[in-house]
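Contents: one structure, followed by commentary.
The values are calculated or read from the model by the stated rules, or taken from the named source; none is laboratory data. From a predicted model like this one, the values you see are computed outputs, not experimental measurements. Every residue, glycine as well, gets a Cβ built from its backbone with ideal geometry; the counts of neighbours run over all protein chains shown.
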Amino acid sequence: MIDQVFAGLEIRDLRVVFDGFVAVDGVDLTVPRGDIRFLIGPNGAGKTTIVDAVTGLAKATGSVLFGEQQLLGKDVHTIARMGVGRTFQTATVFDELSVLQNLDIAAGAGRGPLTLLRRRSGVPPRVEQALETIGLTEALHRPAGILAHGQKQWLEIGMLLVQDAKLLLLDEPVAGMSADERDTTGELLGVIAQDRTVVIVEHDMDFLRRYARTVTVLHAGAVLSEGSVAQVQADPRVQEVYLGTASAGEHTSAGEHTSAGEHADDDVRSA
């Protein structure tokens, strides 16, 4: 397991090419431990493709260091065992199993076959702590399939916590959530970032303004702007891209979601 002291993410000259199309073009990105980094940008900016490269789902060149260990060239399962966790837009939980069973299965990822066969005598401390962190202690015996939308997202984050993930990459974690659920999620991110690094692909600009510590704006596979929320909103280049006067969104890279940037124009105008 990677030492928490060094558990930051450092990306250098990252390039991802699909059939001759350059989806990520020499990106440099440094995310220190404890940061809540938001990645934003219009269609085809490369946000999700960067996450895919970090987690082993997309082949890439360059360097991706988590702590002092190189992630590029390793398979998805090895990267996960190194403390890198990822969520998708749609929560990937076992609907027919209870909240506790979902967390227990996730916690068992590092257990051997014999220990997996043995029935738990109680709730493991790591699972109990995760339940408390994600606010689902009262729902531990409830089937995951009947949870509210926001609760399913929190459960998926909890499944990463019991695996002791130190780098969390979250893809649109508040999409479809109510206002109260978004606020609860923002508070949850603040808690988990105390000893972890969090990177979020997000299009909800109100959520970003309230909870981002640092923002990286991507455009055409490259970093366009970076800084605080106020700094990137005041950047004329960011305003140009989001207002559509630049050639943003002409291409969509593999793995990139077509909804990217669609909700941002009015927010950038009003910044």
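Of the residues that sit in the stretch 203-248 and are part of a loop (DSSP other than H, G, I, E, B) and either touching a Ser or Thr at 6+ places or on another chain (Cβ under 9 Å) or surrounded by 23 or more Cβ atoms within 10 Å (Cβ to Cβ) (or both), which one is modelled with the lowest pLDDT? By that ranking, first place goes to His203. The criterion of being in contact with a helix residue (DSSP H, G or I) (Cβ under 6 Å, 6 or more places away or on another chain), surrounded by 15 or more Cβ atoms within 10 Å (Cβ to Cβ) and either part of a loop (DSSP other than H, G, I, E, B) or among the aromatic types (Phe, Trp, Tyr) (or both) does not hold for Gly85.
Here's the yes/no breakdown for (1) touching a residue at least 60 places away in the same chain (Cβ under 8 Å); (2) closer than 17 Å to Thr48 by Cα; (3) assigned by TED's automatic domain parsing to the domain that holds Leu65; (4) under 14 Å from the mean Cα position of the chain (by Cα):
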{"position": "Gly135", "(1), (2), (3), (4)": "no, no, no, no"}
{"position": "Glu138", "(1), (2), (3), (4)": "no, no, no, no"}
{"position": "Ile157", "(1), (2), (3), (4)": "yes, no, no, yes"}
{"position": "Leu170", "(1), (2), (3), (4)": "yes, yes, yes, yes"}
{"position": "Pro173", "(1), (2), (3), (4)": "yes, yes, yes, yes"}
{"position": "Met177", "(1), (2), (3), (4)": "no, no, yes, no"}
{"position": "Gln194", "(1), (2), (3), (4)": "yes, no, yes, no"}
{"position": "Glu202", "(1), (2), (3), (4)": "yes, yes, yes, yes"}
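Of all the residues in the stretch 30-50, those that are surrounded by fewer than 22 Cβ atoms within 10 Å (Cβ to Cβ) and either hydroxyl-bearing (Ser, Thr, Tyr) or over 20 Å from Tyr211 (Cα atoms) (or both) number 2.
Residue-level check: of (1) more than 20 Å from Gly221 (Cβ to Cβ); (2) assigned to a helix (DSSP H, G or I); (3) in contact (Cβ under 8 Å) with a residue 60 or more places away in the chain, Thr78 misses just (3). Against the definition (assigned by TED's automatic domain parsing to the domain that holds Arg237 and either part of a strand (DSSP E or B) or over 20 Å from Gly221 (Cα atoms) (or both)), how does Val51 come out, yes or no? When the stated conditions are applied, Val51 does not pass them.
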